[in-house]
Amino acid sequence: MTRGVPRSIRCGRRLHDAAASSTAEVPLALAGHLVYLRAVNQLESRVRRVTGSRKASRRERVQSLWGGYGEIVRMDLDTGPVIVKCVEPPGSRASTGGDPLHVSHQRKLRSYAVEMHWYRDLARRCTPVPRCPQALATEASDPRFLFVLEDLDAVGYRHRHASLDAPRIQACLRWLARFHATFLGVPPVGLWPVGTYWHLATRPDELRALRDPQLRRAAPELDRILESCVYKTLVHGDAKVTNFCFPDDPTQDVAAVDFQYVGGGCGIKDVAYFLSSIFDGQACDAHAEIHLEYYLSALTTALRDRMPTVHAEAVVAEWRALYPVAWADFLRFLKGWAPGCSEFDPYRDRMIAAALRHLGACATPRSRRIDF
């Protein structure tokens with residue numbers, strides 16, 4: 001209470017309080033900075049150790065990892081710039097039992113273990129196309145993971161886009177077609193048995209939250225149909241637009257990053273998800289069919305080049321028929337994860353309706369096209 005206290009005294013008290021607060025904050029800020037510098041030094045030391053480089057200096061932060069699980073930074077080594085992905089889960093996530101955080105935590109840890117296997121054993125097959133970063137060094141010390149990767153910016157893939165024109169969409173679809181052709185028939189050893197981050201078995205909470213009772217009842221059968229397809233490959237599992245890296249020339253080939261959810265499955269799941277990341281419902285109505293056909297044509301070409309003993313037309317026919325099922329499978333997750341985000345979307349609703357019709361037509365020969 002300041003009534004009756006001279007104004008000069010009141011002002012003096014405020015200045016004193018502010019000074020006291022500022023004095024208290026200085027040590028806290030200094031302590032925080034020292035913690036940051038210690039973490040930087042430790043990371044640089046780890047990178048020097050695993051790469052054998054005499055120099056490892058942090059240049060900049062590229063991004064933080066989802067859920068506070070670490071960060072991606074750019075570093076300079078003796079040989080040039082690299083990307084370092086450092087995974088250090090927050091201790092608060094180490095809950096157990098039926099806690100939803102525990103389910104999410106275990107899924108994330110598994111995803112980083114999968115990504116490490118990808119870079120150690122399979123990424124080398126993606127050269128020269130479909131392009132992805134090559135691993136220079138990796139280290140796992142549960143629950144910590146360290147990836148030292150090729151810097152795609154330094155080799156010509158320096159652009160990222162939130163929206164795409166037609167040539168860049170086609171470049172991404174060519175990447176997916178070549179990826180799926182490269183790994184057709186490859187078993188997902190060390191990867192997710194079923195790829196994609198929205199796979200039904202890994203998303204029980206989102207299924208419970210799903211408000212669409214018909215889609216919720218159909219979810220297991222949609223999953224079964226996709227996983228019983230004849231022609232399986234490896235799927236990227238998170239092929240959204242922001243996981244592609246672009247060169248200066250929009251007509252040239254692209255590269256892709258983020259292989260945490262790579263695993264087995266039907267390649268058309270990547271295509272439906274990619275189109276959902278660049279188009280809303282109205283744009284999907286106008287453009288999705290054109291781009292779907294472009295992908296299938298690119299897939300035919302890639303299969304003939306890489307898998308000449310495979311009947312490319314049979315793969316294309318099966319995956320085309322499963323396109324609406326792949327959409328419905330993803331929307332099952334999306335509608336449970338973010339209720340309301342995809343309401344009143346005619347294209348997506350039409351995909352779900354076509355998928356539900358497919359459930360009643362499983363006896364139809366796989367080569368028959370399902371209209372949507």
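Being over 26 Å from residue 169 (Cβ atoms) and modelled with pLDDT under 95 is the requirement here; does residue 212 meet it?
Details: over 26 Å from residue 169 (Cβ atoms): yes; modelled with pLDDT under 95: yes.
Spelling it out, residue 212 is indeed over 26 Å from residue 169 (Cβ atoms) and modelled with pLDDT under 95.
For region 235-284: of the residues being part of a loop (DSSP other than H, G, I, E, B) and among the aromatic types (Phe, Trp, Tyr), which is nearest to residue 176 (Cα to Cα)? Quick ask: steps written out before the conclusion?
First pass over region 235-284, keeping only residues part of a loop (DSSP other than H, G, I, E, B): 236-240, 247-254, 257-262, 266-267, 279-280.
In the following step, the residues that additionally are among the aromatic types (Phe, Trp, Tyr) were identified as 259, 261, 279.
Numbers: 259: 13, 261: 15, 279: 17 Å.
The extreme case among them is 259.
Just to check your reading of the model, which residue among 296, 331, 322 is under 13 Å from residue 181 (Cα atoms), in contact (Cβ under 8 Å) with a residue 24 or more places away in the chain and buried (at least 19 other Cβ atoms within 10 Å of the Cβ)?
296
Please specify each residue of region 121-171 satisfying the condition of being basic (Lys, Arg), exposed (fewer than 13 other Cβ atoms within 10 Å of the Cβ) and touching a residue at least 60 places away in the same chain (Cβ under 8 Å).
Hits for region 121-171: nothing passes.
Quick check, is residue 146 closer than 18 Å to residue 82 by Cα and of a type outside the set (Lys, Arg)?
Answer is yes for this residue.
For region 194-215, state whether one or more residues are surrounded by 14 or more Cβ atoms within 10 Å (Cβ to Cβ), at positive phi and assigned by TED's automatic domain parsing to the domain that holds residue 304.
yes
When you scan region 181-193, how many residues do you find that are closer than 21 Å to residue 300 by Cα and crowded, with 17+ Cβ neighbours inside 10 Å?
4
Given the conditions (1) within 18 Å of the chain's Cα centre (by Cα); (2) closer than 16 Å to residue 244 by Cα; (3) of a type in the set (Val, Ile, Thr), and given that residue 129 satisfies all but one, which numbered condition is not satisfied?
So residue 129 meets the others, but not (1).
Which of the residues belonging to region 320-341 are of a type in the set (Gly, Ala, Ser) and farther than 22 Å from residue 290 by Cα?
336, 338, 340
Quick check on residue 303: is it in contact with a Phe, Trp or Tyr (Cβ under 8 Å, 6 or more places away or on another chain) and in contact (Cβ under 8 Å) with a residue 24 or more places away in the chain?
On the way: in contact with a Phe, Trp or Tyr (Cβ under 8 Å, 6 or more places away or on another chain): no; in contact (Cβ under 8 Å) with a residue 24 or more places away in the chain: yes.
When the stated conditions are applied, residue 303 does not pass them.
Go through (1) surrounded by 10 or more Cβ atoms within 10 Å (Cβ to Cβ); (2) at pLDDT 60 or above; (3) out of contact with any Pro (no Cβ under 7 Å at 6 or more places or on another chain) and name the single condition residue 89 misses.
Looking at each condition in turn, residue 89 falls short on (3).
The values are calculated or read from the model by the stated rules, or taken from the named source; none is laboratory data. Quantities reported herein were computed from a predicted structural model and do not represent experimental measurements. Because the Cβ atoms are built from the backbone with ideal geometry, glycine has one as well, and the counts that use them run over all protein chains shown.
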